[in-house]
Amino acid sequence: MHAPMKPNGKPSTPGDAARSFVAIHGLGKRYARGAAILEDLSMEVAPGDFVSLIGPSGCGKSTLLKLVAGLVSPTSGNIEVEGMTPANARELMSFIFQEATLLPWRPVVRNVELGLELERSMDRTRRRAKAEELLRLVGLSAVAWHSPRQLSGGMRMRDSLARALEPRPG
């Protein structure tokens, strides 16, 4: 077993977990009967740290992100996000998939409104105003009524980003 490492390569010290934004200890993930995807991973990420996950295809980068987001459960070890389980921390974060996950029959602005609509915590006028504000933020106001198929790949990802920027409707 190795000492947990901070993203800067220095060993973690006792008490770091109390200051960590993300704390991962002895994390392991295995799908069904396959080989281990992640094994005995420990790391601390402090607030404001910028972390890059770099490695070959299939090494577990996306799996780690899904674990931190609480979309899948670890086989072993634990994860804390601001002192909470990933499932409890979901209201504080959003997850954007590698591919744009837009509904092709909804225009750009209506894709942004989707999460707000599903929460049913906002009337239509407020929902539209919030979606338009988010589209301005990501530079997509001019294409608000275009369909996703009319957008470039980067624009589709910005539409997904706009939708994810409002994790707590209401």
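Assorted remarks:
- Between ILE37, ILE54, the distinction of being in contact with a strand residue (DSSP E or B) (Cβ under 6 Å, 6 or more places away or on another chain), more than 29 Å from LEU134 (Cα to Cα) and either of a type in the set (Val, Ile, Thr) or surrounded by 17 or more Cβ atoms within 10 Å (Cβ to Cβ) (or both) belongs to ILE37 only.
- Per-region count, the range 62-77, residues assigned to a helix (DSSP H, G or I) and either closer than 16 Å to ALA23 by Cα or modelled with pLDDT of 90 or more (or both): 7
The values are calculated or read from the model by the stated rules, or taken from the named source; none is laboratory data. A quick note: this is a predicted structure, and the numbers were derived from the prediction, not measured. Ideal geometry is used to build each Cβ from the backbone, glycine not excepted, and the neighbour counts take in all protein chains shown.
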